[in-house]
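No value in this document is a laboratory result; all are computed from the given coordinates. Everything quoted here is computed from the prediction, not taken from an experiment. FYI the Cβ positions are ideal-geometry reconstructions off the backbone, even for glycines, and counts take in every protein chain you see.
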Amino acid sequence: MQKKILLLEDDLQLSDTVKQYLEYQGYLVETAYDAYAAKDLLYEKAIDLMLVDIKVPYQNGFDLLAELREEGNTTPAIFITSLHSVEDVTHGFDVGGDDYIRKPFALRELLARIESQFKRLYGKREDTIDLGEGLQFNPKEFRLIRHGADLPLKPKEVKLLMLLLEHPDKLVHYDTINASLWDYDEEPSAGSLRTYIKTLRSYIGKEHIVTVKNIGYRFVP
């Protein structure tokens, strides 16, 4: 599954350069040129990592991330900025930033920092995840296995399982699920989603996928 990155940068030339480079590296990149547009994208789409410039229109990047963290958004965030002081760097981490890269930067350095964040989050994907009672999930090969035998899963069921496993004990909203499972030209289906959940529960156990009424689902390890 391709990782989706939100790039908040009001320098259009730099934004376009970074977007082209990261998409060449295999990422999906959503661009925003001001804080309001970034918020809209975060509410509409499932974002795996944020690249946040600080000096952007309507709301600076520090305040934007602080607000998102207060709302419970835990998406990794890397600040990209021309601010170089120790105080700025410290403030970036204080408001919930995960890394900080100063302009001008080499694109390869930015890529290394992005991959470092994903390795920290998803490094276990190289291994098989033990779900108990002889059930294992191999995220690298997208296989759900019970006692050595593959269990049939549809592509969207695999995506849903991976999404839930990536957020253990955390509420995953319907909006996030819909954005992850259905492409922009597809209409999300509540009925299909319930069917996917029913299938996963039949394998994993109903008690491990909890419904939060009218909001979403929570995976309980």
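Descriptive notes on the structure:
- Between the helical axis of 61-70 and the longest alpha-carbon principal axis of the chain there is an angle of about 30 degrees.
- Contour excess over end-to-end distance, with Cα ends at residue 102 and residue 175 and 0.36 nm allotted per residue: 23.0 nm
- Length-normalised contact order of segment 4-123 in % [C-alpha pairs under 8 Å, at least 6 apart]: 22 percent
- The chain: angle of helix 155-166 to the longest principal axis, Cα-based, in degrees nearest 10: 70 degrees
- Pairs over the 29 Å Cα-Cα cut-off, from the set 119/213; 3/154; 19/39; 103/170; 19/198: 119/213; 103/170; 19/198.
- Take every Cα pair under 8 Å whose residues are at least 6 apart in sequence, average their separation, divide by the length of segment 14-68, and the relative contact order is 29 percent.
- Projecting the Cα atoms of 172, 101, 142 onto the charge dipole of the chain, computed from C-beta unit charges around the Cα centre, puts 142 farthest toward the positive end.
- On the basis of the beta-carbon distance and an R0 of 30 Å, residue 189 and residue 36 show a calculated FRET efficiency of 0.50.
- Of all DSSP beta bridges in segment 52-173, antiparallel share, percent nearest 5: 60 percent
- Cα gyration tensor, the chain - rounded (a/c under 1.5), prolate or oblate: prolate
- Seen from a random direction on average, the alpha-carbon convex hull of segment 1-96 projects onto 6.0 square nanometres.
- Per residue, the average separation of C-alpha pairs within less than 8 Å and at least 6 apart gives segment 127-219 a relative contact order of 25 percent.
- The label-point distance for residue 94 and residue 220, in a model that sets each label 7 Å from Cα toward Cβ, rounds to 3.9 nm.
- Most simply put, the chain has about 50% antiparallel DSSP beta bridges, counting only bridges with both residues inside it.
- Placing +1 on the Cβ of every Lys and Arg and -1 on the Cβ of every Asp and Glu, with nothing else charged, gives segment 59-139 a dipole about its Cα centre of roughly 420 debye.
- Per-pair calculated FRET efficiency, R0 = 30 Å: residue 211 and residue 118 via Cβ, rounded to 0.05: 0.55
- Degrees separating the helix 35-44 axis from the principal Cα axis of the chain, which is the longest one: 10 degrees
- Ordering 91, 29, 62 by the projection of their Cα atoms onto the charge dipole of segment 4-123, which places +1 on the Cβ of Lys and Arg and -1 on the Cβ of Asp and Glu, puts 29 at the extreme positive end.
- Furthest towards positive pole of dipole, 214, 153, 191, structure part the chain, Cβ charges: 153
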